[in-house]
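Colleague: Encoded as structure tokens, here's the structure I'll be asking about.
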Amino acid sequence: MILISNFKHTIIRNAFLAGVAGLLCSTAFAAIPIQEWTQPGGARVYLVESPAIPMLDVQIDFDAGGRRDPADKAGLASSTANLLEKGVAARDGQPALNENALGEAWADLGASFGSSAGADRMSFSLRTLTDPALLDKAVALAARQIGEPSFPENIWERGKLRIIASLKESYTRPGSIAGRAYSKAVYGSHPYGHETTEESVKRISVADMRAFYNAGVVACRARVSMVGAVTRAQADAIAQRLLARLPQVPCAGLPAPATVPEVAALAQADEKIIPFDSAQAQVLLGQPGYKRSDPQFFSLLVGNYILGGGGFVSRLASEVREKRGLTYSVSSGFSPGLHAGAFTIGLQTRPDQTGQALEVTRKVLRDFVADGPTEAELKAAKDNLIGGFALLIDSNRKLLGNISNIAWNDLPLNYLDTWTARISSVTAADVKAAFAQKLQPEKMVTVILGGKP
């Protein structure tokens, strides 16, 4: 009977978490007061109190993303983050827990925990109810996973085989093949362009992961973002507990992280044609774009919506798809990070239409960079972006993503409060100036897979 009762309670908790995840955040149309402070140990904490729902979402970010991977061990950050979920070591009288035991422990709490690594950062996430008994246990377990990973060798050996099998399968997918060639052409030797290969994965050892984790997951450099039904005092105590099992070393006594070079601008245009037997040609066109800290961010956001980010209402969709029927979809986008992420136009077309589709796409891009948007395009874009803003923060989880973005990129605390006003203030001249400064259509990389222009 006890087992049945626990099982029922777990189902109820999980159902509750799933249900509230989609509830509208009460702050969707009001100011979002973000509290920020630095703990004595150096960690910076960002909090939005959201008392309407008895739950808490936490994200902790460290400068331990893929940009820190050695060139010959690409994939180290993501592999390390994955293995961090597979077990905790025994310490202070507490037993070791393997992957299965951790899964059962989180299920019993009706909570969830995860770790991941992107290009710039390694992140830990926690979602839990704020019932005191459950919250205390969830924070304690999360602290163990963050600070006491066991790095099980046998799990990594199996994981390595799965990664390699996945890589081999990706070599048969046209999108993956084109994407790898494009990334290498745009980023060159910059870490953003490092390709995870069978050889790089085979070189990664558990010792490499431990060293990577020890160097990057440092308590005093953590950015801790929280959204939920907790006060500032509670949030401060939770942040301290989550980081408590990491070495408590002042940042002043640590060597500065190695400087990662900026992405080099392209010196000239380059076109790569990759033979591939497929019904559609995959086309990617672009160059390095801009960093997230760029002051022209909003002008570039609005401009890209007009050019190719607005779906079927964009200029590229109108010219390439609607007027000429050369593709079903075409889009453009920037991917700014701590370094200049790529600006990319992507489309698929029949191999015999590739040349025409590229010619039209390049002309649309050249004209947009040279002339900017029309007033009608600008108004429509701003109306759509402003109208959709509420959907960016309509749940605690989405709001947390925005708060962690503010924390990671050192954006102003009123960033969300002023977002619509910043969009509204963008002019056609602003867009034209930003695109003319950032993009050089005559120096872009083009990758064509599956057909010749």
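Colleague: Any idea which of (1) in contact with a helix residue (DSSP H, G or I) (Cβ under 9 Å, 6 or more places away or on another chain); (2) closer than 28 Å to Q280 by Cα is the one P373 doesn't satisfy?
Modeller: Only one criterion in (1) in contact with a helix residue (DSSP H, G or I) (Cβ under 9 Å, 6 or more places away or on another chain); (2) closer than 28 Å to Q280 by Cα is unmet by P373, namely (2).
Colleague: Right, another one. Answer yes or no as to whether I163 is surrounded by 15 or more Cβ atoms within 10 Å (Cβ to Cβ), among the β-branched types (V, I, T), under 30 Å from D57 (Cβ atoms) and out of contact with any Cys (no Cβ under 7 Å at 6 or more places or on another chain).
Modeller: In short, yes.
Colleague: Which one is nearest to W156 (Cα to Cα) among residues in segment 89-106 that are in contact (Cβ under 8 Å) with a residue 40 or more places away in the chain and under 26 Å from the mean Cα position of the chain (by Cα)? Before the answer, list the steps.
Modeller: Of the residues in segment 89-106, the ones in contact (Cβ under 8 Å) with a residue 40 or more places away in the chain are 89, 91, 94, 96-99, 102.
Checking the rest, the ones that are also under 26 Å from the mean Cα position of the chain (by Cα) come to 99, 102.
Working: E99: 12, L102: 17 Å.
Among them, the one singled out is E99.
Colleague: Considering A81, A64, A119, which residue is in a loop (DSSP other than H, G, I, E, B), hydrophobic (A, V, I, L, M, F, W, C) and crowded, with 21+ Cβ neighbours inside 10 Å? If you could, list the steps in order and put the result at the bottom.
Modeller: Values: A81 fails: in a loop (DSSP other than H, G, I, E, B); A119 fails: crowded, with 21+ Cβ neighbours inside 10 Å.
When all the criteria are applied, what remains is A64.
Colleague: Continuing with the same structure: Could you please let me know if K168 is assigned to a helix (DSSP H, G or I) and under 30 Å from G147 (Cβ atoms)? Walk me through how you get there before you give the answer.
Modeller: Working: assigned to a helix (DSSP H, G or I): yes; under 30 Å from G147 (Cβ atoms): no.
It is false that K168 is assigned to a helix (DSSP H, G or I) and under 30 Å from G147 (Cβ atoms).
Colleague: If I ask for residues that are surrounded by fewer than 22 Cβ atoms within 10 Å (Cβ to Cβ) and not hydrophobic (A, V, I, L, M, F, W, C), which ones from segment 128-143 would you list?
Modeller: T130, D131, P132, D136, K137
Colleague: Related question: When you go through D277, D236 one by one, which is the residue that is part of a loop (DSSP other than H, G, I, E, B), among the acidic types (D, E) and either under 30 Å from R127 (Cα atoms) or out of contact with any Leu (no Cβ under 7 Å at 6 or more places or on another chain) (or both)? Even if it seems obvious, please write down each step before you answer.
Modeller: Working: D236 fails: part of a loop (DSSP other than H, G, I, E, B).
So the residue among D277, D236 that is part of a loop (DSSP other than H, G, I, E, B), among the acidic types (D, E) and either under 30 Å from R127 (Cα atoms) or out of contact with any Leu (no Cβ under 7 Å at 6 or more places or on another chain) (or both) is D277.
Colleague: Can you confirm whether S329 is modelled with pLDDT of 95 or more, surrounded by fewer than 20 Cβ atoms within 10 Å (Cβ to Cβ) and small (G, A, S)?
Modeller: no
Colleague: Taking the residues in segment 84-113 that are part of a loop (DSSP other than H, G, I, E, B) and at positive phi as candidates, determine which candidate is surrounded by the most Cβ atoms within 10 Å (Cβ to Cβ). Before you say what the answer is, go through the steps one by one.
Modeller: To start, the set of residues in segment 84-113 that are part of a loop (DSSP other than H, G, I, E, B) comprises 84-86, 89-90, 92-93, 95-96, 110-111.
Filter once more, keeping what is at positive phi: 92-93, 110.
On the way: D92: 7, G93: 5, G110: 21.
So, considering only residues that are part of a loop (DSSP other than H, G, I, E, B) and at positive phi, the one surrounded by the most Cβ atoms within 10 Å (Cβ to Cβ) is G110.
Colleague: Pull up segment 311-326, narrow it to residues that are of a type in the set (K, R) and not in a loop (DSSP other than H, G, I, E, B), then point me to the one that is nearest to A279 (Cα to Cα). Before the answer, list the steps.
Modeller: To start, the set of residues in segment 311-326 that are of a type in the set (K, R) comprises 315, 321, 323-324.
Next cut, not in a loop (DSSP other than H, G, I, E, B) only: 315, 321.
Details: R315: 26, R321: 18 Å.
Applying the filter and picking the extreme gives R321.
Colleague: Name the residue that is surrounded by the fewest Cβ atoms within 10 Å (Cβ to Cβ), counting only residues in segment 400-413 that are over 16 Å from I60 (Cβ atoms) and in contact (Cβ under 8 Å) with a residue 24 or more places away in the chain.
Modeller: The extreme case among them is D410.
Colleague: Here's a follow-up. Identify the single condition in (1) free of Cβ contacts under 8 Å to residues at least 24 places away in the same chain; (2) within 30 Å of G66 (Cβ to Cβ) that M444 does not satisfy, given that it satisfies every other one.
Modeller: Only one criterion is unmet by M444, namely (1).
Colleague: Given L392, L416, which one is buried (at least 16 other Cβ atoms within 10 Å of the Cβ), outside the structural domain of G118 (by TED's automatic domain parsing) and under 13 Å from I32 (Cβ atoms)?
Modeller: Details: L392 fails: buried (at least 16 other Cβ atoms within 10 Å of the Cβ).
When all the criteria are applied, what remains is L416.
Colleague: With segment 365-440 as the region, which helices (runs of 4 or more DSSP H) entirely inside it contain at least 3 residues that are over 27 Å from S318 (Cβ atoms) and of a type in the set (G, A, S)? Full working, then the answer.
Modeller: Working: elements: 375-387, 396-408, 419-425, 428-438.
So the answer is 396-408.
Colleague: Against the definition (at pLDDT 95 or above, closer than 23 Å to A181 by Cα and not assigned by TED's automatic domain parsing to the domain that holds L347), how does V263 come out, yes or no?
Modeller: On the way: at pLDDT 95 or above: yes; closer than 23 Å to A181 by Cα: yes; not assigned by TED's automatic domain parsing to the domain that holds L347: yes.
Answer is yes for this residue.
Colleague: Right, here's the next one. For a quick check of your reading of the model, give me the residue pairs whose first member lies in segment 249-261 and is in contact (Cβ under 8 Å) with a residue 24 or more places away in the chain, whose second is of a type in the set (G, A, S) and in a loop (DSSP other than H, G, I, E, B), with beta-carbon atoms closer than 8 Å and at least 6 apart or on different chains.
Modeller: That search, which allows pairs on different chains as well, returns P250/G41; P250/G42; C251/G42.
Colleague: Additional query: Mind checking which pairs have a first residue in segment 417-428 that is farther than 14 Å from F389 by Cβ and free of Cβ contacts under 8 Å to residues at least 12 places away in the same chain and a second that is among the β-branched types (V, I, T) and in a helix (DSSP H, G or I), Cβ under 9 Å, 6 or more apart or different chains?
Modeller: Final answer for the pair search is none.
Colleague: Sticking with this one: Is it the case that some residue within segment 334-345 is in contact (Cβ under 8 Å) with a residue 40 or more places away in the chain, among the β-branched types (V, I, T) and either assigned by TED's automatic domain parsing to the domain that holds S189 or under 30 Å from F276 (Cβ atoms) (or both)? Steps first, answer last, please.
Modeller: Residues of segment 334-345 in contact (Cβ under 8 Å) with a residue 40 or more places away in the chain: 334-345.
Cutting the leftovers down to among the β-branched types (V, I, T) gives us 344-345.
Adding the requirement that they be either assigned by TED's automatic domain parsing to the domain that holds S189 or under 30 Å from F276 (Cβ atoms) (or both) leaves 344-345.
Scanning segment 334-345, I find at least one residue that is in contact (Cβ under 8 Å) with a residue 40 or more places away in the chain, among the β-branched types (V, I, T) and either assigned by TED's automatic domain parsing to the domain that holds S189 or under 30 Å from F276 (Cβ atoms) (or both), so the answer is yes.
Colleague: Related question: Pick from L316, L307, L358: which is at pLDDT 95 or above, within 25 Å of G188 (Cα to Cα) and either crowded, with 18+ Cβ neighbours inside 10 Å or under 27 Å from the mean Cα position of the chain (by Cα) (or both)?
Modeller: On the way: L316 fails: within 25 Å of G188 (Cα to Cα); L307 fails: within 25 Å of G188 (Cα to Cα).
None of the others qualify; the one that does is L358.
Colleague: Which residue pairs have Cβ atoms under 9 Å apart, sit 6 or more places apart or on different chains, and have a first residue in segment 297-319 that is closer than 16 Å to I386 by Cα and a second that is outside any helix (DSSP H, G or I) and among the β-branched types (V, I, T)?
Modeller: F298/V426; S299/V426; S299/T427; L301/V426; V302/V426; G303/V426; I306/T374
Colleague: Restricting segment 113-125 to residues that are touching a residue at least 40 places away in the same chain (Cβ under 8 Å) and polar (S, T, N, Q), which is nearest to N405 (Cα to Cα)?
Modeller: As a first pass, look at segment 113-125 and keep what is touching a residue at least 40 places away in the same chain (Cβ under 8 Å): 117-125.
Applying the additional criterion that residues be polar (S, T, N, Q) yields 123, 125.
Numbers: S123: 12, S125: 14 Å.
Here the residue is S123.
The values are calculated or read from the model by the stated rules, or taken from the named source; none is laboratory data. Since this is a predicted model, take the numbers as computed values, not measurements. Note that we place each Cβ from the backbone using ideal geometry, even for glycine, and neighbour counts take in every protein chain shown.
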